[in-house]
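Here the structure is laid out as structure tokens; the discussion comes afterwards.
The values are calculated or read from the model by the stated rules, or taken from the named source; none is laboratory data. None of the values given here were measured: they were computed from a predicted structure. Note that each Cβ is placed from the backbone with ideal geometry, even for glycine, and that neighbours are counted across all protein chains shown. What goes into the accessible areas is simple: the full protein's heavy atoms, side chains included, and nothing from ligands, DNA or RNA. Shrake-Rupley method; radii C 1.70, N 1.55, O 1.52, S 1.80 Å.
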Amino acid sequence: MNVDLHTHTYPASGCSRISHRDYIGWCVDNAVAAVALTNHGDISDNLSLRPALAAEGVLLIDGVEISTLFGDFVVFSPDLDYLGTLRDVQEAPRPEAIPGDAAVVWVHPAAGGGRSGSAYYPGIESMVAGAVHAVEVFNGSWLDRQYVAGAEEIAASLGVARTGGSDAHRPEQLMTCYTELPDPITSTVDVVSALRRGLTIPHRRRVAAPRRRFRLF
């Protein structure tokens, strides 16, 4: 199953321009089977959107994005009470503080932290080793070669899974990057298991370049 593991909606993420109606409509129009909602330190939209998406046959995967001095991380867990304790800007995840039913993805690592303003520097991965189960190598906002190659190197050095996520803040960005997960995916528990076991394949949706027009005269 292909799942976008990094999306944002309004109003839970004030920086997003994807309304609830837009989010549901895009998923339905594009036959999306499952999607991960990963707002910045806020699960209120997860609670609001879950029944509406379920009514359309779309599975909602629960996650929260946090920004730290070591970069940004998306934490996945079926325990919404736990996710509800996470904040948009906070300390980095520590191995001993991560529940067994949760998984942590280091998102756009080479680009640094969005809300914390942190920057990546070589060796920073040693500070989060043991707390990270996967690295996002394809991010819809950071697809330049330097960011993809940097993320690939970080994932290899940590020996963890690789993922893709759109980091969508506008409807047209959804599924520009996504992760192939083993079937069946029936809940957030299955996604956490796949991340922890390294059963992920990242993808990016390549958009054909516009055809150039040539003038004869």
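What the Cβ-Cβ distance of MET127 and ARG205 gives, at R0 = 22 Å and to the nearest 0.05, is a FRET efficiency of 0.10. Annotation: average projected area of segment 100-190 is 6.8 square nanometres, based on the convex hull of Cα atoms across all directions. Surface exposure of the chain, expressed per residue as accessible area with a 1.4 Å probe, stands at 49 Å².
For segment 110-121, the Karplus equation 6.51 cos²θ - 1.76 cosθ + 1.60, evaluated at θ = phi - 60°, returns couplings of 6, 8, x, x, x, 8, 7, x, 6, 10, 6, 9 Hz by residue, with Gly and Pro reported as x. Over the chain, Cα pairs under 8 Å with separation of 6+ residues give a relative contact order of 22 percent. Taking amide H as placed 1.01 Å from N in the peptide plane, VAL89 has its amide H under 5 Å from the amide H of SER67, each at least 5 places away in sequence or on another chain. Anisotropy class assigned to segment 56-138 is prolate, per the alpha carbon gyration tensor with a/c at or over the 1.5 cut-off and a/b larger than b/c. Couplings for segment 135-146, taken from phi via the Karplus curve 6.51 cos²θ - 1.76 cosθ + 1.60 with θ = phi - 60°, read 10, 7, 8, 10, 10, x, 9, 9, 9, 4, 3, 4 Hz in order; Gly and Pro are left as x. Size descriptors for segment 10-88 (Cα atoms only): Rg and Dmax, in that order, 12.5, 39 Å. Our analysis of the chain gives Rg over Rh at 0.98, with the two radii drawn from alpha carbon positions and Rh computed by the Kirkwood formula.
Highest mean first, the peptides 52-64, 17-29 sorted by other C-beta atoms within 10 Å per residue fall in the order 52-64, 17-29.
Overall form of segment 129-172: oblate. Here a/c, set by the Cα gyration tensor axes a ≥ b ≥ c, is 1.5 or more, and a/b is not larger than b/c.
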